[in-house]
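The structure appears below as structure tokens.
What follows draws every value from the coordinates through simple rules; no lab data is involved. None of the values given here were measured: they were computed from a predicted structure. As a convention, Cβ positions derive from the backbone with ideal geometry for all residues, glycine included, and neighbour counts pool all protein chains shown.
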Amino acid sequence: MKIFKNIFKILILIAVFAAAVYFFVGPKLYVTPIIMYHNVEDANLTEPNWVSPKNFEKQLQYIASHGYEVITLDELVNDILQNKGLKSKTVVITFDDGHENIYKNAYPLLKKYQFPAIIFVPPDLVGKEGFLTWEQIDEMRDNGIDIGSHTRSHIYLPDLSYQDQRDQIINSKMIIEQRLNSRINYFAYPIGGFSYQTKRIIKEAGYKGACATNRGYDRFNRDVYNLNRVRFSNKDIRNDYLWIKLSGFYNLLRKNRKPF
């Protein structure tokens, strides 16, 4: 009997210690998950850049039914810059490349759940086959969807010269701003790659922040020009997968990747 009492006391001490560690350390390790999507369309693909509308809605349903708050990228960046403690169970939703299926399949579901999001578009591809039109972008922007830049032509920046990087980064911002008559504050690196020079141009261009994939050495998203994201696809429909990826501690499980 005495042995069981001692075991019970040890378990209580472990629980208290774990709670104390989480209370004092957990908030410092918490990272608001920034979800990354590309294509929302039915396809016989298990590639990481594809999710069916059915599975996309399952993921939105999980977010809605488990008490998560979907915030804008701007809200998150402002909290980081002001050194505020990040609120637990918050999520940011992002889309890369500007495929037309975002308008056809993702946008109606985002409206249904009243979730904000941001779409990073390469303006040279707008209006081309399979990509969003300016009219579709205008409509979404008027209904809670922010727009960001994804270079002019969706090109891997570290392979370019300094001048070509400036063209892709600065002029993409200018083109979108002139077309939409509104300020563009955020950028996403195509294929996630960037160099220190790339980041410097991004800052000089006047962007407030930039999203990568899971590249770079800032595991905790304290650098708003190296915001790591969590990719969601057709594989992410089990509740345990969703719980892990949305926990806020998923970055601790991932291996750091070089920026380029």
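Centre-to-centre separation between the Cα atoms of segment 89-152 and those of segment 162-212: 17 Å. Cβ-to-Cβ counts within 10 Å put Phe95, Phe249 in ascending order as Phe249, Phe95, the fewest first.
Only lysine pairs 8 or more places apart, or on different chains, with alpha-carbon atoms under 25 angstrom apart are counted in segment 170-253, and they number 5. Close amide-amide hydrogen proximity is noted between Ser149 and Val121, Tyr186, Phe187, Ala188, each under 5 Å apart and 5 or more residues distant or on a separate chain (H modeled in the peptide plane; Pro and chain starts excluded).
Note on Gln178/Asp240: beta-carbon distance plugged into 1/(1 + (r/R0)^6) with R0 of 45 Å gives a FRET efficiency of 0.45. Computed from backbone phi with θ = phi - 60° and the Karplus coefficients 6.51, -1.76 and 1.60, the 3J(HN,Hα) list for segment 236-247 is 9, 10, 6, 4, 5, 4, 5, 4, 5, 5, 9, 5 Hz; x is used for glycine and proline.
Our helix-only sum for the chain, with -39,500 (n - 2.57) per DSSP H run of n ≥ 4 divided by its residues, gives a mean residue ellipticity at 222 nm of -11000 deg cm²/dmol.
For segment 32-253, what mean projected area does the convex hull of the alpha carbons give, in nm²?
Values: hull surface 46.0 nm².
So the mean shadow area of the Cα hull is 11.5 nm².
Pick out the long, greasy-scoring helices in the chain: whole DSSP H runs spanning 15 Å or more along their own axis by Cα, mean Kyte-Doolittle at least 0.5. Span-like helices in the chain: 2-29. For Ile155, no residue whose modelled amide H falls within less than 5 Å of its own remains once neighbours fewer than 5 places apart on the same chain are excluded. Between Arg257 and Gly216, the built amide H atoms are under 5 Å apart, and every one of these is 5 or more places off in sequence or on another chain.
For segment 32-253, calculate the relative contact order in percent as a whole number, restricting contacts to Cα pairs under 8 Å that are 6 or more residues apart.
23 percent
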